[in-house]
Amino acid sequence: QVQLVESGGGLVQAGGSLKLNCAASGPTFSTFKMAWFRQAPGKEREFVAAGSWRGGTSYADSVKGRFTISRDNAKRTVYLEMNGLKLEDTAVYYCAADRRGTALRSAADYDYWGQGTQVTVSS
């Protein structure tokens, strides 16, 4: 069983930066596709970024150029570095894992989820 634990969320002013961490436990993390999603109050969960074990990455248009997903397989950790934060980035951020490595941008494609970490951007 894979467990994902996010950390690093908090309150930040617009234009600031945060780095989220997602620590994974369980087998074969290194071949999983990993992703970040977010959910704002009253909205559906939306895709933010994903990274394959081969190194490929993809981003939502709304965060492209501001957010960077990376992973350290030795530490079994995935990161989301967020720069130039905007008010509309406020949400609960979730880490997700796909054991087949084929998931795209749909939340339904992912098998495992963390509990989420709150990111609040203030003006």
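The values are calculated or read from the model by the stated rules, or taken from the named source; none is laboratory data. Values in this document were obtained by computation on a predicted structure and should not be read as measured data. We place every Cβ from the backbone using ideal geometry, glycine too, and count neighbours over all the protein chains shown. For the accessible areas, the whole protein counts, side chains as well, though only heavy atoms, and no ligand, DNA or RNA atoms are used. Shrake-Rupley method; radii C 1.70, N 1.55, O 1.52, S 1.80 Å.
Quick notes on this one:
- Accessible-area value, Lys75, 1.4 Å probe, nucleic acids and ligands omitted, Å²: 130
- The stretch 22-99 - percent relative contact order, Cα under 8 Å, separation 6 or more: 39
- Of Met82, Gly15, Gly56, farthest towards positive along the dipole that unit charges on Lys, Arg, Asp, Glu beta carbons give the chain: Gly56
- Our summary gives the stretch 1-43 a relative contact order of 39 percent, counting only alpha carbon pairs under 8 angstrom and 6 or more residues apart.
- Accessible-area composition of the stretch 3-84, carbon plus sulfur, in percent [1.4 Å probe]: 49
- Cα-based Lys pair tally, the chain, threshold under 19 Å, eight or more apart or on separate chains: 7
- Using a probe of 1.4 Å on the protein chains alone, the accessible area found for Trp36 is around 0 Å².
- Rule-of-thumb Rg ratio for the chain [Cα; 2.2 N^0.38 Å; N residues]: 0.97
- Beta bridges by DSSP in the chain, antiparallel share as percent, to the nearest 5: 90
- In the elastic network of the chain, a GNM with C-alpha springs shorter than 10 Å, the most mobile of Ser58, Ser17, Ser106 is Ser106.
- Among Thr90, Thr31, Thr102, residue whose mean-square fluctuation peaks in a GNM of the chain (springs only between Cα atoms under 10 Å): Thr102
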